[in-house]
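The values are calculated or read from the model by the stated rules, or taken from the named source; none is laboratory data. On a predicted model such as this, the values are computed, not experimentally measured, just so you know. Quick reminder, even Gly has a Cβ in these numbers, built from the backbone with ideal geometry, and neighbours come from all protein chains shown.
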Amino acid sequence: MSLADKLKDKKVLVTGVTGFVGEALLHRIIGELPGTTVVAIIRPKGSLTGTDRMAQLLRKDIFKPFYGEGTEYADAEALSAARIQVIDGDLSDVPELPKDLDIVVHCAGDVSFDPPIHEAFTTNVLGTKSLLERIVETGRPVHYVHISTAYTAGRRRGAIPEAPVDHFVDWRTEAEAGMAMKSRIEEQSRSAPMLAKFRKEAEKLHRRAGHLTAAADTERRRTEWVAKRLVETGTERARSLGWTDCYTFTKALGERVVEEFSGKLPTSIVRPAIIESALQSPHPGWIEGFKMAEPLILAYGRGELPEFPASPDSVIEIIPVDHVVGAICAVMATEPELSKPEYYHIGSGSRNPLTFEQLYAGVRAYFSKHPFDLGERGAVRLPVWKFPGGDSVETMLRYGERAHKIADKIITTVPRGERTRKYARELDVQKRRLDFLRRYMDLYSEYAQAELQFIDDNVLALHNALEGDDKEKFACDTAVVDWQYYLQELHCPSVTESMRRLDVVRKKRNKALAESAGVLKKVEPSEAKVVAAFDMDGTLLSSNVIETYLWMRLPELDGPQRAGEIGAMLRKLPKLIAAERKDRGTFLRTIYRRYAGADLEELNQIVDEILAEHVLERLSGAAVRRIREHRAAGHKTILITGAVRPLTRPLEPLFDEIVAAELAVDDRGRCTGFLSGPPLVGESRAAWLKHHARQTNIDLSKSFAYADSHSDLPMLSTVGNPVAVSPDVSLFRAARAARWQIVDWKTPSTSSRLELPGVNAR
Amino acid sequence: MSRPGFVLEVDDRTPPLLVHNGEGFLLERFPQGTRVVYPPEALPPVRDVDEAIQNALLNPIESEPLPELLRPGMRLTIAFDDISLPLPPMKKPDIRQRVIEAVLELAAQAGVDDVELISANALHRRLTPNELREIVGERVFRSFFPDGKLYNFDAEDRDNLTHLGQTRHGEDVEISKRAAESDLLVYVNVNLVAMDGGHKSTSIGLASYKSLKHHHNSHTMIHSRSFMDHKASKMHHSAWRMGEVLTSHVKVFQIETTLNNDIFGGPIEFLQKREWEWSIKDQASMLGTKRALAAAPAKVRHKIFTDVRSNYGLTGINAGSIEPVHEKTIEAVHRQHLVEVQGQSDVAIMGVPFVGPYNVNSVMNPILAACMGLGYYFNSYRGNPVVRKDGAVILYHPVDYEFSQLHHPSYVDFFEEVLSESTDPATIEAKFEKQYAEDPWYIHLYRTSYAYHGVHPFYMWYWISHALDHCGDIVWVGANRKTVERMGFRSASTLQDALEMVSHSVGRSPSITYLHNPPHLLADVR
């Protein structure tokens, strides 16, 4: 009797139908088991109901041959109505099931290897339990087919029989403890010492930008820490009990749950190994989304995977998805007795092993023939793996990470400049690669060094029992796979295809980006009221507060006094720089304190007569053009600076409004060394802009801001068109992340840093 | 007696010849048969400068002697040429200082106490106090500057301009109010090249944009052939017409001085000697200078060149009525600069030096470099251009992307915004000139800072319109490709490449003329 006949008029509930295996299974049932009805539990997602998602699924290419002209069904809806019943629901809260089910295939599950511990238990253990309870409620002897994983064997070695995993871990205790971790870790993260730690780290980076920016970063750090801890806890618990990670651990405990119910329901447990793209059905090379090996294959093809901590002779148990689906169908038709659950290993290792070295050779051969076309530099150089063993790869990686850390420290301390930014960008690329390596090595090194062999006698027996052309339709004997053909002709082409398409787009986009990089779009006059806010020091002209202070004070001093003043500033420099990194406000106050006793009128006069030319000479031509462009477009131009008011005098004609630090004066017009209000830095600038916008009806989303330093991050974030001008490394990174415009406004090379107006300048 | 200028024909015995190349120089081997035009050697200067000045003031041409024009209670204004002359700047004492001191002496003797001194900078940048001091000398500076009696002309100071009327061609004559209302205007000129002086002094030096735009425009400039020959220059014709209007309102006492070609002295004297006559000492200093310049950072190199001051000997001084005085002046200038050249050639080669009229104490930006080469040197002819119609011009200059934001703010914008749209003078004039001329920011900088007027880069571009119109190919040797390309020219790495590039229009063996200046020369092309 063929499978189609055996499963005729059966109603099969499939969970996880939108997943990789579920989708392939649905495809096979519709195509090859014409008498079988599918019931799918689908979780509503966003505004889409389960039914919508099913409709979406059926619109995919692989389902198209099933409806339309020349088929029984006019369209997807007709097909769906005839063969599929959709139940909206979630496994965390399984809905009531139809009373006429014959078979349940549970292939939903968390497939990531490093889920947070509570999520792993929810889906793999508790979800399974509540599904089974619902099945029992139907009161029928439903055949329950549980899709597990071959790696429930954990860190065991050698031949693994198709039998229950041998362990004594109590799943109830573990589930309870695991679920409790969520609140425990959450609570821990909110303790004063932890919060203080997060805040200190955040402030180190963001204090200059302001308290709120630092606070936002603190909270981000906390949630990140919680997530990381939950994953770590899961992995460590799994390893402490002999499993590779939380995924296989909870999957193994899930099997225990299933086994407990095997007295009430006839139960089959299917344990596939690493499921990859299809050999034949739906079509050769078919794969959905990225599975385990794909990121590594792609990274290798891009030349970014220098080495991998695998044993060259360890067997990598890859199986094509259609074999898994074939086996599941055969299992559905093979109902075991009550209390005698059957186990099926779907792997390739025992009869047609693929070693890691062969896998590597296949992938390498593929990319040698079909390299990625990444840019104008020709094919990528493919790394040659020497398989030095896990430890030395780990050492290599650790060395790389440490080197990166040191380089990063240096790059954030050295003076900014075009070259610094270039290095920073290269470092960021390096960092991304290191993170990728770290993540995948941690996840997969266990698997790549595994020495297991999954016995698959039961599956082979299933395959051999298939009758007639079922042997073709539901083939599940992996011995037939020619791995080199599979890798080079099916799998690699299939997984790289989308990447290649994306590369073409990316190449085009990068080219466009490179052409427009550093070129600002012309300002268009707009209906709305728009402002253009500019920072001064470092943005419009290369200068800093210490320098400008010296410009202002030196002209009125004589020789020895000048030397004294410069000496005093030099002595204080380390302290000042430290203060500047911490809090710009305090830093400004320290400098401005030194204005005590200066005559404000005289300062104005010095600026007008001596400094104006110096300031104007150092103005960046591009900056002035941009300001004037804004004015011409009818925008309101605003200069927001922490510099003292007199210094902005030469720029007055360019701006509609200038917000600067006001030196407080006594009744004789002499500076007291204090400011008449707090200096406008960091978040105060953003606050000022927002308030100003509210008052004068300005549309900030259409407005512009130009600044150079990390402390201006809040101001830049408040407007719709932020521009980072010759930014420091932190702002550069933030700007790149947010895809802001980055321009380099150079101070003319003709001006000299060492020339002091009124002192040694012409 | 000094030797006259001459034309050398390059043969196999000719050593490599010196070519000016911005802040530096090269020794170049020219193809055999190249004609090299050498300026006359420096004329002997007058023996007693003070005596010559006295003589000119007391025995003027077609005018009463100066003392007779001076009387107590009168308004006397002394205008003088600004820092754009002479080039390079003159060693102290500046000739203008000596003339002004003599004039002031006579004025004091006559009991004149309402005296003002104006730097006739038209739309040029204001001079800094130090620069004014260098021109008029410490004594005059101290007596006049603190009281505001020595100042820069401000062409945008509406309240201090006077419209004197229109010429018969309808051109507005608007000049400094003080000058217009003076009982006597004494103009102290330095006539470095044939273009300067005459009616150009007052009618242009003290005029406003309204007045200047009648002759500083692409149409007039293209028809000024050349600027160095006022009788064939449309721009000068206009200035002369304005001069007629001006002199009918104001009594002008013109003092014109002419200088000789003694430009490079001391260790760089070899720059004005003929290469095959270089002594051991000259060769040593040439090598030393070359090496030092190559090793020096750009800023040091710039400083070295900015600090160059020239000896200059006075070859003549004439005073009195503008036109007859200018006749005499031109005679003297021609004596010093004129070189007879037989016929035009297919290719003209010129080395653009480190300084032009508008980058004294500043940097020569790409536009100024173009103007220096194609405006000034190209126009250094009388009769016909050195290069034939549709011939090629090859220039030497690095043409770095370098602008002084203080002195040339509108130049940067002109380069970025205007030249990126068009390089055609007439198009540029029609589309952009008004906007730049009336821009309040440029006007602000012109009036209060040390910036050239917003419209000034346009004038530079009009200066070269005759060359653009006349020449087929313009190629720069060793120049920054990007900047040169923006200006619509091409760049070659070597002279050989440049000749290769122009060969499609002038052939494989073109006739070549190399203008070996500075020192200045005026090619009299027959």
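Here is a yes/no grid of residues against (1) small (Gly, Ala, Ser); (2) modelled with pLDDT of 90 or more; (3) touching a Ser or Thr at 6+ places or on another chain (Cβ under 9 Å):
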position	(1), (2), (3)
A:Pro353	no, yes, no
A:Phe367	no, yes, yes
A:Gly375	yes, no, no
A:Trp385	no, no, no
A:Glu394	no, no, yes
A:Pro415	no, no, no
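Within the stretch A:1-88, considering only strands (runs of 3 or more DSSP E) that don't extend past its boundaries, which have at least 1 residues that are touching an Asp or Glu at 6+ places or on another chain (Cβ under 7 Å)?
Those strands (runs of 3 or more DSSP E) span A:11-15, A:37-42.
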Next on the checklist: Is it the case, given these coordinates, that A:Val104 is β-branched (Val, Ile, Thr) and either more than 23 Å from A:Lys6 (Cα to Cα) or modelled with pLDDT under 90 (or both)?
Outcome noted: no
Checklist entry - When you scan the stretch A:206-220, how many residues do you find that are of a type in the set (A, V, I, L, M, F, W, C), surrounded by 15 or more Cβ atoms within 10 Å (Cβ to Cβ) and touching a residue at least 60 places away in the same chain (Cβ under 8 Å)? => result 1
Checklist entry - Which members of the stretch B:415-427 meet the condition of being part of a helix (DSSP H, G or I), more than 14 Å from chain A (Cβ to nearest Cβ) and more than 21 Å from the chain's Cα centre (by Cα)? => result B:Ala426, B:Thr427
Checklist outcome for this item: Here the qualifying pairs (Cβ atoms under 8 Å; residues six or more apart or on different chains; first in the stretch B:128-155 and within 14 Å of chain A (Cβ to nearest Cβ) and touching a residue at least 24 places away in the same chain (Cβ under 8 Å); second loosely packed, with under 13 Cβ neighbours inside 10 Å and part of a loop (DSSP other than H, G, I, E, B)) come out as B:Thr128/A:Arg762; B:Glu134/B:Lys92
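For the stretch A:592-607, which positions are part of a loop (DSSP other than H, G, I, E, B) and either charged (D, E, K, R) or at the interface with chain B (Cβ under 9 Å from one of its Cβ atoms) (or both)?
First, pick out the residues of the stretch A:592-607 that are part of a loop (DSSP other than H, G, I, E, B): A:594-598.
Scanning the stretch A:592-607 gives a single hit, A:Arg594.
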Checklist entry - Any chance the stretch B:361-377 includes a residue that's within 20 Å of B:Val455 (Cβ to Cβ), in a loop (DSSP other than H, G, I, E, B) and not aliphatic (A, V, I, L, M)? => result yes
Item to check | Residues located in the stretch A:608-637, provided they are in contact (Cβ under 8 Å) with a residue 60 or more places away in the chain, basic (Lys, Arg) and in a helix (DSSP H, G or I) | outcome: A:Arg618, A:Arg626
Next on the checklist: Going residue by residue through the stretch B:323-334, is there one that turns out to be within 17 Å of the chain's Cα centre (by Cα), hydroxyl-bearing (Ser, Thr, Tyr) and surrounded by 22 or more Cβ atoms within 10 Å (Cβ to Cβ)?
Outcome noted: yes
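Working carefully through the options A:Glu472, A:Glu426, A:Glu467, find the one that is surrounded by fewer than 21 Cβ atoms within 10 Å (Cβ to Cβ) and either of a type in the set (Lys, Arg) or not in a helix (DSSP H, G or I) (or both). Please lay out each step first, then the result.
Working: A:Glu472 fails: either of a type in the set (Lys, Arg) or not in a helix (DSSP H, G or I) (or both); A:Glu426 fails: either of a type in the set (Lys, Arg) or not in a helix (DSSP H, G or I) (or both).
Result of the check over A:Glu472, A:Glu426, A:Glu467: A:Glu467.
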Checklist entry - Among the residues of the stretch B:278-298, how many are within 14 Å of chain A (Cβ to nearest Cβ) and either closer than 30 Å to B:Ala52 by Cβ or exposed (fewer than 13 other Cβ atoms within 10 Å of the Cβ) (or both)? => result 1
Item to check | Residue ID - surrounded by the fewest Cβ atoms within 10 Å (Cβ to Cβ), chosen from residues in the stretch A:703-762 that are of a type in the set (Lys, Arg) and at pLDDT 85 or above | outcome: A:Arg739
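Take B:His223 and decide whether it is out of contact with any Leu (no Cβ under 8 Å at 6 or more places or on another chain), under 19 Å from B:Leu468 (Cα atoms) and either without any contact (Cβ under 8 Å) to a residue 40 or more places away in the chain or surrounded by fewer than 20 Cβ atoms within 10 Å (Cβ to Cβ) (or both). Walk me through it before giving the result.
Numbers: out of contact with any Leu (no Cβ under 8 Å at 6 or more places or on another chain): yes; under 19 Å from B:Leu468 (Cα atoms): yes; either without any contact (Cβ under 8 Å) to a residue 40 or more places away in the chain or surrounded by fewer than 20 Cβ atoms within 10 Å (Cβ to Cβ) (or both): yes.
Here the answer is yes, as B:His223 does meet what is asked.
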Checklist entry - Any idea how many residues of the stretch A:112-129 are out of contact with any Ser or Thr (no Cβ under 9 Å at 6 or more places or on another chain) and within 26 Å of A:Ala333 (Cα to Cα)? => result 2
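Of the residues B:Asn365, B:Asn379, B:Asn361, only one is in contact with a helix residue (DSSP H, G or I) (Cβ under 7 Å, 6 or more places away or on another chain), within 13 Å of chain A (Cβ to nearest Cβ), polar (S, T, N, Q) and in contact (Cβ under 8 Å) with a residue 60 or more places away in the chain; which? Steps first, answer last, please.
On the way: B:Asn365 fails: in contact (Cβ under 8 Å) with a residue 60 or more places away in the chain; B:Asn379 fails: within 13 Å of chain A (Cβ to nearest Cβ).
Result: B:Asn361 is the single residue among B:Asn365, B:Asn379, B:Asn361 that is in contact with a helix residue (DSSP H, G or I) (Cβ under 7 Å, 6 or more places away or on another chain), within 13 Å of chain A (Cβ to nearest Cβ), polar (S, T, N, Q) and in contact (Cβ under 8 Å) with a residue 60 or more places away in the chain.
Among the residues of the stretch A:158-176, what is the count of those that are without any contact (Cβ under 8 Å) to a residue 24 or more places away in the chain and under 35 Å from the mean Cα position of the chain (by Cα)? Can you show your working first?
Step one: list which residues in the stretch A:158-176 are without any contact (Cβ under 8 Å) to a residue 24 or more places away in the chain, which gives A:166, A:168, A:170, A:172-173, A:176.
If we keep only those that are under 35 Å from the mean Cα position of the chain (by Cα) too, we end up with A:172-173, A:176.
Matching residues across the stretch A:158-176 total 3.
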Next on the checklist: Cβ-Cβ distance below 7 Å, separation of 6 or more or different chains: which pairs start in the stretch A:552-576 with a residue that is at pLDDT below 80 and end on one that is hydroxyl-bearing (Ser, Thr, Tyr)?
Outcome noted: A:Leu576/A:Thr590
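How many residues does the stretch B:392-414 hold that are more than 14 Å from every other protein chain (Cβ to nearest Cβ) and touching a helix residue (DSSP H, G or I) at 6+ places or on another chain (Cβ under 6 Å)?
Within the stretch B:392-414, the subset more than 14 Å from every other protein chain (Cβ to nearest Cβ) is B:392-397, B:399.
Subset that is touching a helix residue (DSSP H, G or I) at 6+ places or on another chain (Cβ under 6 Å): B:392, B:394-395, B:397, B:399.
Final tally of qualifying residues: 5.
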Checklist entry - Within the stretch A:549-568, is even one residue surrounded by fewer than 13 Cβ atoms within 10 Å (Cβ to Cβ) and outside any helix (DSSP H, G or I)? => result yes
Checklist entry - Does A:Thr223 fit the bill of being of a type in the set (S, T, N, Q) and either buried (at least 19 other Cβ atoms within 10 Å of the Cβ) or under 25 Å from A:Trp243 (Cα atoms) (or both)? => result no
Checklist outcome for this item: All conditions in (1) within 14 Å of chain A (Cβ to nearest Cβ); (2) modelled with pLDDT under 95 are true of B:Tyr452 except (2)
Next on the checklist: List the residue pairs whose Cβ atoms are under 9 Å apart, where the first residue sits in the stretch B:467-482 and is more than 21 Å from B:Ser226 (Cβ to Cβ) and touching a residue at least 24 places away in the same chain (Cβ under 8 Å), the second is of a type in the set (Ser, Thr, Tyr) and surrounded by 23 or more Cβ atoms within 10 Å (Cβ to Cβ), and the two are 6 or more positions apart or on different chains.
Outcome noted: B:Trp476/B:Tyr396; B:Val477/B:Tyr396; B:Gly478/B:Tyr396; B:Ala479/B:Tyr396
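Need a quick list: helices (runs of 4 or more DSSP H) entirely within the stretch B:176-265 having at least 2 residues that are under 30 Å from B:Pro67 (Cβ atoms).
B:177-180, B:200-205, B:234-249
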